[in-house]
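The structure under discussion appears below in the form of structure tokens.
The values are calculated or read from the model by the stated rules, or taken from the named source; none is laboratory data. No experiment lies behind these values; they were computed from the predicted model shown. Using ideal geometry, Cβ is built from the backbone for each residue, glycine included, and neighbour counts are taken over all protein chains shown.
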Amino acid sequence: MGKRLAAALTIPARMLAICIAFLFCFELSAGAQTSDSVCAANEDEALARAEEFHELAAQELMRSRDIQWSGVRLDDFDRRARDYVGKRTGENLIFYAWDKTALCAFLWSRGSSQVISRHYARVENGTHRLKGLAAEIRATIADGLRTASRAPTRQAVSAEEIAQEIATRAFGDVVRDASELLYPLAFRDALAQTTTVSIIPVGPISTIPLAVLEPLGDGRSSIDLFSVNILTLAEDIDTKLYGWVPGFSNALVLGNPHAAVPGWDFPSLPGAEAEAVAANAIFGGTLYLSRDATPARLAEKASKADLLVIAAHGLSDADDPMDGSFLALSDGPLTPRAIMDLDLSSHPLVVLSACQSGLGRVLDAGITGIARGFQLAGASNTVMSLWNVDDAATQFQMQRFYENLRTMTPSEALRQATITAREKFPDPLKWAAFQIFGVSMVLAP
């Protein structure tokens, strides 16, 4: 890791805000009864078991959202993965699975010879390590939960009542461990040649700030190497290839809602308002600010939107992700349950420039919460955050993202915006929070 980043990430013992951590952290033990033997030593056997694992995990995810769903068979996954990679130049696909002890991963890549190869890595005790590293990262960034300017606060709760001292390792050490776990040594040659990585996650992987990881173990962060897409479900590799045409014809932007949710104080967000105005200036369309940014107006316009931006306060609740998590809009909260009722038939790019929009309850298939709600409702990609973000830094990063969308795919636009934000705000808490859900796009010819 570079000296600047290592210094910024070295954080000693922190004060963890219990009431916010209750909403932000998640039950790492949640999820289905994980199989004892998914990650077999034999690669072909492990892949067959991983297919079945993800089929069951998807069914569990849908049940958690009260969706009647018969499921999609993932048999012959190797052929489907090769087809996914073969349609995208310079892209790798990583398929994770876990059981009660081991974490395993499969990587498909297309080398310079255009031959698609598959690699397999298995980490004994990897499940425990992954859960522990995710928890350490959450604890280490706990200060950001209290100090970020887009962070709401509970009413009538003092810092003395909600804080406790916790000791953490230097975050740089945690990053190196997470890098070695999620990007095994066997994958490095392939990762060194890629420009995009699509990930099918398991458990808390999507809550780890992938932008700061060091895939090649040489001190370079992933954003210096490639863009990352996190697929909503394993079956997404069958999604019709998205040809990305820069520009939008019907953008819908909501900024700085006048939020009022009982039990919470929501400070005004001038940065979010400026961000929303900037997005509207770039893309046109419909702009709702302050008291006009309501769930009703969102629902009215959502079906025709090809870009949906919400710059607002957000909260996640691991215990009640469907009704306790929300985006704080005017006239009331927008919960994942309400998000599932939105008509997103135009498959918009959704940008959730809000706190904690990528968090929720951890299941075997990943996280269920706000961001996944938009994906399951029809979004093509959803940009989400992992913690309470800084208002000014987020405004800067997102405005660069919108500018980049004029010429780049969403994941590459986010990568380049993150690099620019890192130059201005070296602290990773201010630039590493955003990730993107959904299959990768390719620029249309």
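No other residue among A251, A274, A311, A281 is exposed (fewer than 15 other Cβ atoms within 10 Å of the Cβ) and among the hydrophobic types (A, V, I, L, M, F, W, C) apart from A281.
Residue by residue, here is whether (1) outside any loop (DSSP other than H, G, I, E, B); (2) of a type outside the set (S, T, N, Q); (3) within 17 Å of L107 (Cα to Cα) holds:
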{"site": "V174", "(1), (2), (3)": "yes, yes, no"}
{"site": "D177", "(1), (2), (3)": "yes, yes, no"}
{"site": "T194", "(1), (2), (3)": "no, no, yes"}
{"site": "V197", "(1), (2), (3)": "yes, yes, yes"}
{"site": "D218", "(1), (2), (3)": "no, yes, no"}
{"site": "T232", "(1), (2), (3)": "no, no, no"}
{"site": "K240", "(1), (2), (3)": "no, yes, no"}
{"site": "P246", "(1), (2), (3)": "no, yes, no"}
{"site": "V253", "(1), (2), (3)": "yes, yes, no"}
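Every condition in (1) crowded, with 19+ Cβ neighbours inside 10 Å; (2) among the basic types (K, R); (3) modelled with pLDDT of 90 or more is met by R79 except one, and the failing one is (1). Count of the stretch 186-201 residues, restricted to those that are farther than 23 Å from P410 by Cα and free of Cβ contacts under 8 Å to residues at least 40 places away in the same chain, is 2. The one condition from (1) assigned to a loop (DSSP other than H, G, I, E, B); (2) surrounded by 14 or more Cβ atoms within 10 Å (Cβ to Cβ); (3) modelled with pLDDT of 80 or more; (4) among the polar types (S, T, N, Q) that T168 does not meet is (3). Taken across the stretch 408-415, residues that are in contact with a Pro (Cβ under 8 Å, 6 or more places away or on another chain) and either crowded, with 24+ Cβ neighbours inside 10 Å or not in a helix (DSSP H, G or I) (or both) do occur, with at least one present.
Without any contact (Cβ under 8 Å) to a residue 24 or more places away in the chain, farther than 25 Å from P410 by Cα and in contact with a strand residue (DSSP E or B) (Cβ under 9 Å, 6 or more places away or on another chain), is that true of D320? Yes: the conditions hold for D320. Close contacts from the stretch 337-361, counting a first residue that is closer than 13 Å to S303 by Cα and a second that is among the β-branched types (V, I, T) and part of a loop (DSSP other than H, G, I, E, B), with Cβ to Cβ under 8 Å and a gap of 6+ residues or different chains, come to M340/I67.
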